[in-house]
Structures are given as C-alpha cells and as structure tokens.
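One structure is given below, encoded as structure tokens.
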Amino acid sequence: MPNKVVVVDYDDKPIRVIEKMEAHKKPTLHRAFSVFLYNKNKVLLQKRALNKYHSGGLIANTCCSHPQLNEDIIENAKTRLIEELNIKVDSLKEVGTFVYFHKFNENLYEYEYDHVLAGYFDGEYEMNPEEVCWIGWVDIEEVKKDIIDNPNNYAVWFITAFQIFLKEMKL
C-alpha cells in the first residue's frame, strides 16, 4: 500500500503529495475514499485489523484508503478491494463526498476529503488479516439501529459515510 497521500483544498483540488503519517500527525486535509458494497438489504462491513495505527477493531465500511496523485479514485478503490478482501467488482460509483476532522490524541488526527463509493456485489471474499480482522454481511436496518445504540463501535468516518450511502442509494 502506498505511504503517500494527496493534500487537497476544500474543492478537492490537489495541492501536493506528502507522507501518509505526516498528514495524520499534523492535521492536513487529504483525499480518501470509503467503499460500501451491498446486496439487496445487506451491506458488507469489516472490522479493522487490531494492528492499524488508528481505529483498530472498529467497524468500518467494506474498504477505505487513499488514492494516489493522478489515479482514478474508482480504479484505485477496485485495486484496494482486491488487496484487502480479494474482491473484484465490475462497477463502483461515487455517491457523495464529505470532509471530516477527528483528533485521536495529541499526535494523531484524521482530516480527510472522503469520496463515498458504492457497488453491488454477490461474490466471494477473503480477508487480508493485515488489514481486516472480521468481515461479513450485515442487514442495513440492524446497522441503522446499532450506530444509534453503539456509536463507539464504529470508525469515526463511518456514520457520516453510511448516511450518504443510504441516502444516495435509497436503501
């Protein structure tokens, strides 16, 4: 996985490229994506690997990462799905974007311009244990209820990204 991120402005225009950890140590707005794969009334969710530098063990969308400069976000997301979950999808579409900021501690932040992507999927998957410690299909209505009852079980970007996914997909 590349260790660089694209620093962007509030219009998602690239400014420069920096090391990923530098962007997370000094809150620097950078480009990211969050993928949601769905099948009927279910969404494929993961728990992030416990060894992740933040949000380890928390529930997140199917896959997320940082596209590289001059890379197509959709194509980068398809590549990342293969790396994390051995999933090949024919089509993904962007359903929205949002900016979020979160301070984990004095030395670690998330400050991302997040592209929310969605696609239908009905195939097999195999998790990469370096990235994921659990993956499974979850009923969308159960997720809606659980994020109200147990919001701290979810990665900080998930709730906003999930709301965009639901609204745009009309699920």
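Per the helix-only calculation at 222 nm, which mean residue ellipticity applies to the chain, given -39500 (n - 2.57) for every DSSP H run of n ≥ 4 and division by its residues, nearest 500 deg cm²/dmol? Mind dumping the intermediate values first?
Values: 4 runs with 41 residues, N = 171.
So the calculated ellipticity at 222 nm is -7000 deg cm²/dmol.
Seen against the Cα atoms of the chain and their longest principal axis, helix 140-149 is set at about 60 degrees.
I need the trypsin sites (Lys or Arg not before Pro) found in region 1-101, filtered to DSSP loop residues with at most 15 other beta carbons within 10 Å of theirs. It would help to have the intermediate numbers written out before the result.
On the way: sites: K4, R16, K20, K25, R31, K40, K42, K47, R48, K52, K78, R80, K88, K93; in loops: K40, K52, K88.
The qualifying sites are K40, K88.
Taking L69, L29, L37 in turn, the Gaussian network model of the chain (Cα-Cα springs below 10 Å) assigns the largest fluctuation to L69.
Using a/c under 1.5 as the rounded threshold, could you call region 116-169 rounded, prolate or oblate? The axes a ≥ b ≥ c are square roots of the C-alpha gyration tensor eigenvalues, and prolate needs a/b larger than b/c, oblate otherwise. It would help to have the intermediate numbers written out before the result.
Values: a/c = 1.70, a/b = 1.24, b/c = 1.37.
Verdict is oblate for region 116-169.
With the simple spin-label model, which puts each label point 7 Å out from Cα in the Cβ direction, the H102 to V17 separation comes to 2.7 nm. Note on the chain: percent of Cα-Cα distances in each 5 Å bin, starting at 0 and stopping at the bin with the largest distance, equals 2, 8, 18, 23, 23, 16, 8, 2, 0. Taking other C-beta atoms within 10 angstrom as a stand-in for reagent exposure, I82, I18, I74 fall in the order I82, I18, I74, fewest first. Taking other C-beta atoms within 10 angstrom as a stand-in for reagent exposure, I164, I147 fall in the order I147, I164, fewest first.
Across the chain, the relative contact order, built from alpha-carbon pairs under 8 Å that are at least six residues apart, equals 27 percent.
In Å, the Kirkwood hydrodynamic radius of region 36-137 over pairs of distinct alpha carbons? Taking the inverse mean of 1/r over all distinct Cα pairs, region 36-137 comes out at 14.4 Å.
Just so you know, all these numbers are worked out from the coordinates, no wet-lab data involved. In this text, all values refer to a predicted model and were calculated from it rather than measured experimentally. Virtual Cβ from ideal backbone geometry, glycine too; neighbours counted across all protein chains shown.
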